[in-house]
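Trainee: Quick one: structure below, then a few questions.
The values are calculated or read from the model by the stated rules, or taken from the named source; none is laboratory data. The shown structure was predicted, so the numbers you read here are calculated from the model rather than taken from an experiment. Every residue, glycine as well, gets a Cβ built from its backbone with ideal geometry; the counts of neighbours run over all protein chains shown. Side chains are part of the model used for accessible areas, which takes the heavy atoms of the whole protein and leaves out ligands, DNA and RNA. Shrake-Rupley method; radii C 1.70, N 1.55, O 1.52, S 1.80 Å.
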Amino acid sequence: MGFRPSGYMLKVREVHPLVHHITNYVTVNDCANVCICAGGSPIMSDSAYEVEEMVASADALVLNIGTINERTLESMKRAGKAAGKVGKPIILDPVGVGATKYRTNVVEGLISSLHPSIIKSNMGEMSTIVGCKGMVRGVDSVSSCKDLADRMLAFAKENRCVLVSTGPTDYVTDGRTFFELSNGVPMLENVSGTGCSVTTMIGVYAGACGPSAESAVAAVSAFNIAAEDAIGHCAGPGTFKPALLDSLYAMKPETIDEKVRFKAF
Amino acid sequence: MGFRPSGYMLKVREVHPLVHHITNYVTVNDCANVCICAGGSPIMSDSAYEVEEMVASADALVLNIGTINERTLESMKRAGKAAGKVGKPIILDPVGVGATKYRTNVVEGLISSLHPSIIKSNMGEMSTIVGCKGMVRGVDSVSSCKDLADRMLAFAKENRCVLVSTGPTDYVTDGRTFFELSNGVPMLENVSGTGCSVTTMIGVYAGACGPSAESAVAAVSAFNIAAEDAIGHCAGPGTFKPALLDSLYAMKPETIDEKVRFKAF
Amino acid sequence: MGFRPSGYMLKVREVHPLVHHITNYVTVNDCANVCICAGGSPIMSDSAYEVEEMVASADALVLNIGTINERTLESMKRAGKAAGKVGKPIILDPVGVGATKYRTNVVEGLISSLHPSIIKSNMGEMSTIVGCKGMVRGVDSVSSCKDLADRMLAFAKENRCVLVSTGPTDYVTDGRTFFELSNGVPMLENVSGTGCSVTTMIGVYAGACGPSAESAVAAVSAFNIAAEDAIGHCAGPGTFKPALLDSLYAMKPETIDEKVRFKAF
């Protein structure tokens with residue numbers, strides 16, 4: 001592989017992309033700080049009265065349905081349409097899809113109307129999206145799908161999008177190449193918002209480098225390598241979160257090339 | 001007393017309860033992380049379109065009115081009715097009750113229509129609820145009620161619920177036994193969200209062990225003992241919060257039995 | 001100058017002012033904790049059904065439009081009218097003014113109808129407000145205005161308000177005196193919510209000491225001096241935030257007099 005994630009990291013730091021989020025109120029502050037520490041700049045406006053104008057100045061749009069409601073759904077649709085018209089990357093995090101009918105309908109509607117460039121979720125949610133029989137338990141999910149990889153490849157190809165499934169192993173595909181990423185630490189499961197933060201990372205990298213599978217691989221790996229570093233600077237889940245931001249902010253481009261662990265098929 | 005809080009802690013870690021919160025946007029992230037570190041898993045959905053379906057998969061429902069509005073009030077009512085029908089524990093935190101007529105009406109409505117299993121508040125709010133002459137100052141409250149204990153006992157008995165009043169001394173009663181808890185540190189007053197976090201703890205323990213006075217005593221004590229431990233690992237209110245999460249996550253069952261300090265009447 | 005900021009700090013700690021915020025969901029938790037660590041007590045209610053009654057018990061009202069929507073705009077108007085009637089200080093943070101027409105209209109409407117006592121923003125937003133040709137990029141802003149100082153002086157005089165513009169150098173004026181403040185550290189740019197936190201600081205000091213240029217200078221300086229201290233107790237943007245709260249909470253009145261750096265014209 002000639003793929004070096006450092007090139008993406010350098011580009012992010014050069015472009016300093018503006019990432020417009022319409023997201024949930026639980027982890028929004030984490031997303032803002034991750035965005036900054038990764039090299040981007042966050043916009044968090046979610047009023048239907050202004051999102052179309054706001055997204056025009058952004059480099060990418062992140063839509064996270066964690067605490068979706070009718071007001072913010074309308075804003076997502078408007079921002080998504082405006083972003084789509086000018087070809088800006090849209091990254092969708094379908095939090096909890098499959099947990100309720102409403103959530104499933106919302107996600108189907110957003111995918112069919114906005115054609116997101118990248119869909120990022122945990123493995124259980126991904127199973128729901130690509131039609132595997134998944135097991136969703138709240139926002140934590142466990143997938144029992146045996147052919148998840150094949151279905152992700154087919155879905156990505158058919159929908160011309162990039163899919164990212166996170167968990168102990170992360171999967172990324174654009175319908176052609178299938179990446180298996182193995183950086184990260186179990187502690188990530190013990191902190192609220194690490195999933196949303198990965199989505200933000202992907203938005204930052206897509207905003208600077210375009211919504212490719214490779215930029216998503218670089219984004220997820222940067223986050224997970226920061227997490228590996230942070231483990232040595234914390235005493236538990238509480239101190240892990242600020243340590244992770246420190247590590248993300250301080251990461252050198254050569255570190256990501258040295259530490260990244262993935263296979264491509 | 002044969003009461004050992006470690007039994008409740010072990011049960012929580014075995015059950016890993018899902019706790020559905022409809023809560024305020026100020027401290028929601030703290031609640032999510034406390035929920036995880038205590039051994040639970042948080043759901044934070046607050047859309048009226050899905051809360052009934054969402055709460056069906058949860059083990060307990062926490063309703064916190066800190067930044068209540070008409071939209072989330074409607075969601076609380078729907079989620080509460082659905083939880084009540086199937087006998088799931090409802091924990092109400094009537095933040096700021098007595099501070100405005102609206103807030104007082106909201107709390108009266110929620111209590112009379114949903115019959116929460118547990119009501120948890122600070123002492124000033126508890127005074128308002130049980131009809132003592134309290135002094136409410138913002139969300140911090142001071143009670144001047146001399147017969148608070150008697151009124152709590154009577155209210156809990158009449159309403160067949162558990163009451164928890166927090167402060168330098170915490171009080172818990174189910175209308176029969178009255179517990180006085182004396183763990184905790186003054187630093188808890190210097191961090192936003194510690195009251196809401198205790199409510200989350202009670203939700204986690206009620207979700208796993210049922211909404212008894214004993215499970216509430218174990219929940220409050222676990223939080224306060226974590227706070228006592230965290231004091232030795234911080235340099236002020238800012239570093240206290242992550243240290244508290246670390247301590248909560250790392251706490252051993254034997255520690256809670258060893259450190260717990262309460263009297264039962 | 002006979003101006004000693006310690007006098008304002010001592011007054012804040014004596015009065016323990018209640019500061020009612022109607023603010024954004026991104027940094028609201030930071031604002032709550034900064035409010036407490038600075039010596040105040042936060043109220044975060046934003047329901048139109050109760051803000052008029054709630055603000056009656058507060059010492060100052062902070063309006064931050066970071067994630068403004070129609071619901072919270074209505075609440076801001078009601079709370080502002082109620083605060084204005086009884087002469088309570090109103091502090092406006094016009095986040096992102098100039099970024100969208102909606103946001104600009106909202107700010108013009110709030111200024112003309114509520115006559116805020118203090119308007120606090122970053123330099124790009126301030127340029128928009130006083131009619132300089134600013135450059136706004138998301139919530140980060142860069143001003144290219146050469147006569148910002150003159151325009152701030154004129155605007156403050158005409159509108160009988162205090163203006164605070166933050167950045168590497170902070171500017172404060174009441175239309176007569178013009179203060180240039182040079183405390184602070186570049187790290188403040190790497191953490192979401194430091195701008196909103198400064199607005200909260202100004203609200204706390206205005207609530208206890210009145211909305212004068214001098215109380216704003218003391219508030220901004222206290223925050224920036226805490227940031228200077230925190231730099232020595234952190235390893236990056238993640239650990240900087242809790243360290244800043246620790247420093248703010250622990251700051252001695254003599255420290256602010258010793259460390260403050262400003263010029264008055």
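Trainee: Might you work out the accessible area of residue B:180 for me, using a 1.4 Å probe with all protein chains in place, and round it to the nearest 10 Å²?
Mentor: About 60 Å², ignoring ligands and nucleic acids.
Trainee: Can you pull a Stokes-Einstein diffusion coefficient for segment A:224-265 at 20 °C (1.002 mPa s), Rh from Kirkwood over Cα pairs, as a whole number of µm²/s? Walk me through the numbers before you get to the answer.
Mentor: Numbers: Rh = 10.9 Å.
D, rounded to a whole number, is 197 µm²/s.
Trainee: How big is the Rg/Rh ratio for segment C:46-100, C-alpha atoms only, Rh by Kirkwood, two decimals?
Mentor: Numbers: Rg = 11.2 Å, Rh = 11.4 Å.
Dividing the radius of gyration by the Kirkwood radius yields 0.98.
Trainee: With the label 7 angstrom out along Cα to Cβ, how close does residue A:131 come to the same site in each of the other copies, in nm, nearest first?
Mentor: In ascending order, 6.3, 6.3 nm.
Trainee: Specify, for chain A, the residue whose C-beta is closest to the rotation axis mapping it onto chain B, with the distance given in whole Å.
Mentor: A:25, 3
Trainee: For the modelled label position 7 Å from the Cα of residue A:15 along Cα-to-Cβ, which residues of segment A:155-172 have backbone nitrogen atoms closer than 16 Å?
Mentor: A:162
Trainee: Ok, one more. What residue among C:173, C:100, C:194 has the largest mean-square fluctuation in a Gaussian network model of chain C, using Cα springs under 10 Å?
Mentor: C:100
Trainee: Something else now. Mean-square fluctuation check for chain C, GNM, Cα pairs under 10 Å: which of C:149, C:48, C:235 is largest?
Mentor: Maximum among the listed residues: C:235.
Trainee: I've got another one for you. In nm to one decimal, list the spacings between the residue B:81 label point and its equivalents in the other copies, with label points set 7 Å along Cα to Cβ, shortest first.
Mentor: Copy-to-copy label distances for residue B:81: 3.3, 3.3 nm.
Trainee: Let me ask something else. How much solvent-accessible surface does residue B:192 expose, in Å² to the nearest 10, with a 1.4 Å probe and all protein chains in place?
Mentor: 20 Å²
Trainee: I've got another one for you. Given the pairs B:11/B:85; A:120/B:88; B:11/B:259; A:120/A:157; A:88/A:259, which are separated by over 22 angstrom at their Cα positions?
Mentor: Violating the 22 Å limit, Cα to Cα: B:11/B:85; A:120/B:88; A:88/A:259.
Trainee: Provide an ascending nm list, one decimal, of label-point separations from residue C:261 to the equivalent residue in each further copy; define each label point as 7 Å from Cα along Cα→Cβ.
Mentor: 4.6, 4.7
Trainee: Moving on. Where the Cα atoms of segment B:93-243 are projected onto their three principal axes, how long is each span, largest first, in whole Å?
Mentor: Sorted largest first, the three principal extents are 43, 33, 27 Å.
Trainee: A further question on this structure: Taking only the alpha-carbon positions of segment C:8-101 and ignoring solvent, what does the Debye formula give for the base-10 log of I(q)/I(0) at q = 0.13 Å⁻¹?
Mentor: Normalising to I(0) and taking log10 leaves -0.42.
Trainee: How about segment C:165-265: which trypsin sites (Lys or Arg not before Pro) there lie in a loop by DSSP and see at most 16 other Cβ atoms within 10 Å? Please list the in-between numbers first.
Mentor: Working: sites: C:176, C:259, C:261, C:263; in loops: C:176, C:261.
Counting only loop positions with at most 16 other Cβ atoms within 10 Å, the trypsin sites (Lys or Arg not before Pro) in segment C:165-265 are C:176, C:261.
Trainee: Amide H of residue A:178 versus every other amide H placed in the peptide plane: which residues, excluding those fewer than 5 positions away on the same chain, fall under 5 Å?
Mentor: Here the answer is A:265, since their amide H atoms fall under 5 Å of that of residue A:178.
Trainee: Would you tell me the mean number of C-beta atoms belonging to other protein chains that fall within 10 Å of each C-beta in B:22-35, as a whole number? If you can, show how the numbers build up before the last one.
Mentor: Details: counts 1, 2, 5, 14, 12, 5, 11, 11, 2, 2, 6, 9, 2, 1.
Averaged over the peptide's residues, the number is 6.
Trainee: Per-residue mean of other chain beta-carbon atoms within 10 angstrom of the beta-carbon, peptide B:55-66?
Mentor: Partner Cβ neighbours, averaged per residue: 1.
Trainee: Once neighbouring chains are kept in place and the probe is 1.4 Å, which whole percent of the accessible area of chain C is contributed by carbon and sulfur? Display every interim value, and only then the final one.
Mentor: Values: 4930 of 9480 Å².
That fraction is 52 percent.
Trainee: OK, next. Compactness ratio of the protein assembly as shown: Cα Rg over 2.2 N^0.38 Å, N = residue count?
Mentor: Numbers: Rg = 25.3 Å, N = 795, 2.2 N^0.38 = 27.8 Å.
Ratio of Cα Rg to 2.2 N^0.38 Å: 0.91.
Trainee: How much accessible surface does residue C:151 have with a 1.4 Å probe, in Å² rounded to 10?
Mentor: Spelled out: residue C:151, probe radius 1.4 Å, area about 90 Å².
Trainee: Out of C:184, C:96, C:87, any idea which swings most in a Gaussian network model of chain C, alpha carbons joined below 10 Å?
Mentor: C:87
Trainee: Once amide H atoms are built 1.01 Å from N in the peptide plane, which residues 5 or more positions from residue A:21, or in another chain, come under 5 Å H to H?
Mentor: Excluding prolines and chain starts, which carry no amide H, the hits are A:43, A:44, A:45, A:62.
Trainee: Return the sequence-ordered ³J(HN,Hα) values of segment B:155-168 in whole Hz as given by the Karplus equation 6.51 cos²θ - 1.76 cosθ + 1.60 applied to θ = phi - 60°, using x for Gly and Pro.
Mentor: 5, 5, 5, 5, 9, 6, 9, 9, 10, 10, 10, 9, x, x
Trainee: Starting from the alpha-carbon convex hull of segment B:175-265, give the projected area averaged over all orientations, in nm². Before the final figure, lay out the partial values.
Mentor: Values: hull surface 23.6 nm².
Projected over every direction and averaged, the Cα hull of segment B:175-265 covers 5.9 nm².
Trainee: Total Å² of accessible surface buried at the B-A contact, 1.4 Å probe, nearest 100?
Mentor: Protein heavy atoms only, the B-A interface buries about 2300 Å².
Trainee: Shifting gears a bit: Between beta-carbons, use under 12 Å as the cut-off and find the net charge around residue B:73, counting Lys and Arg +1, Asp and Glu -1.
Mentor: 0
Trainee: Taking beta carbons within 10 Å but only from partner chains, what does the mean come to for residues A:228-240?
Mentor: The shielding value for this peptide is 6.
Trainee: If you don't mind, another one. How large is ³J(HN,Hα) for each residue in segment C:56-73, as worked out from phi by the Karplus curve 6.51 cos²θ - 1.76 cosθ + 1.60 (θ = phi - 60°), to whole Hz, x for Gly and Pro?
Mentor: 4, 9, 8, 9, 7, 10, 9, 10, 10, 8, x, 10, 4, 9, 4, 5, 6, 4
Trainee: In Å and from the alpha-carbon atoms only, list the Rg and Dmax of chain C.
Mentor: Rg then Dmax for chain C, in Å: 16.7, 47.
Trainee: What's the local net charge at residue B:239, with K and R +1, D and E -1, over the other residues with C-beta under 11 Å away?
Mentor: On the way: positive: B:241, C:241; negative: B:246, C:246.
Its environment carries a net charge of 0.
Trainee: What are the ³J(HN,Hα) values, in whole Hz, obtained from phi via the Karplus relation 6.51 cos²θ - 1.76 cosθ + 1.60 with θ = phi - 60°, for each residue of segment A:113-128 in sequence order, with x given for Gly and Pro?
Mentor: 8, 9, 6, x, 5, 9, 10, 10, 7, 7, 5, x, 5, 4, 4, 4
Trainee: Now for a different question. Express the Stokes-Einstein translational diffusion coefficient of segment A:163-227 in µm² s⁻¹, to the nearest whole number, given a Kirkwood radius over alpha-carbon pairs, 25 °C and a viscosity of 0.890 mPa s.
Mentor: Using the Kirkwood radius from Cα pairs, D works out to 209 µm²/s.
Trainee: Can you list the residues of segment A:182-206 whose accessible area drops by at least 30 Å² going from the chain on its own to the full set of protein chains, with a 1.4 Å probe?
Mentor: A:190, A:192
Trainee: With a 1.4 Å probe and all protein chains left in place, how much accessible area per residue does chain B have, in Å²?
Mentor: With all protein chains present, chain B gives 36 Å² per residue.
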